[in-house]
Amino acid sequence: MYYDMCPNTIWAIRGGGSYVANSEPHSYRMTALLTVRGDGKTLSILFIIRGEPGGDIETNEFPDYPPEHFYAMQKKAWMNGIVWKYFLPDVLKPDIENPSVLLVDNFDSHVSYYTVVGVIRAPSLSREGATPAPASLDIQS
């Protein structure tokens, strides 16, 4: 999920007071990747936090975060290729049971050779000469 709040955004509950979001634009940006298997099992959440990889937040705060989830630092809190390559083998792959389908958008790293061949396609499911679906499709297996 990605929420972009401008500094003049006002949160209000009907009948209650209002709250103006922090005046510094995008100061607490974070992306949370929620994953659910077809059988309903929810996987650990991957939180991508805005900050400098290897910086103070990652060094001083990550150890205090709940251990049942996963955390990554990225300058803009986006799922870039580096975070995607961390997510696939460390978060997703341990919970994959064959046969499986991974639904993704056509973001470059999601439909990369690494994703389709290196992580997702298990040797027992591979076909000789199999190629990934065109990037215009939203389904990759």
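Every number here is computed from the coordinates shown, using simple stated rules; none is lab data. Remember, it's a predicted structure, so these values are computed and weren't measured experimentally. Please note: Cβ atoms are built from the backbone with ideal geometry, for glycine as well, and neighbour counts cover all protein chains shown.
With +1 assigned to the C-beta of every Lys and Arg and -1 to the C-beta of every Asp and Glu, and no other charges, what is the dipole magnitude of the stretch 30-120 about the Cα centre in debye, to the nearest 20? Show your work: numbers first, answer last.
Details: 7 positive and 12 negative charges, 54 e Å.
The dipole magnitude comes to about 260 debye.
For Tyr86 and Ile57, compute 0.36 nm times the residue count separating them, minus their Cα-Cα distance, and round to one decimal in nm. Mind showing how you got there, number by number?
Working: separation 29, 0.36 × 29 = 10.44 nm, distance 1.83 nm.
Between Tyr86 and Ile57, full extension yields 8.6 nm more.
What does a probe at Ile96 reach in the stretch 41-67, counting residues whose amide N is under 20 Å from the point 7 Å along Cα→Cβ?
Zone members listed by number: 41-47.
If you take the beta carbon distance between Tyr113 and Trp78 as r and set R0 to 25 Å, what does 1/(1 + (r/R0)^6) give as a FRET efficiency, to the nearest 0.05? Walk me through the numbers before you get to the answer.
On the way: r = 21 Å, r/R0 = 0.83.
Computed FRET efficiency for Tyr113 and Trp78: 0.75.
Quote the FRET efficiency, to the nearest 0.05, computed for Glu68 versus Val104 with a Förster distance R0 of 22 Å and r equal to the Cβ-Cβ distance. Each step should come with its number before you reach the end.
On the way: r = 24 Å, r/R0 = 1.09.
For Glu68 and Val104, the calculated efficiency is 0.35.
Across the stretch 65-79, in residue order, what do the Karplus-derived ³J(HN,Hα) couplings come to in whole Hz, using 6.51 cos²θ - 1.76 cosθ + 1.60 with θ = phi - 60° and x for Gly and Pro?
Going residue by residue, I get 6, x, x, 7, 10, 10, 9, 9, 9, 8, 3, 10, 6, 10, 7 Hz, with x marking Gly and Pro.
Output wanted: per-residue J couplings in Hz (rounded whole) for the stretch 46-55, from phi through Karplus 6.51 cos²θ - 1.76 cosθ + 1.60, θ = phi - 60°, x for Gly and Pro.
Working through the residues one at a time gives 9, 9, 10, 9, 5, x, 8, x, x, x Hz.
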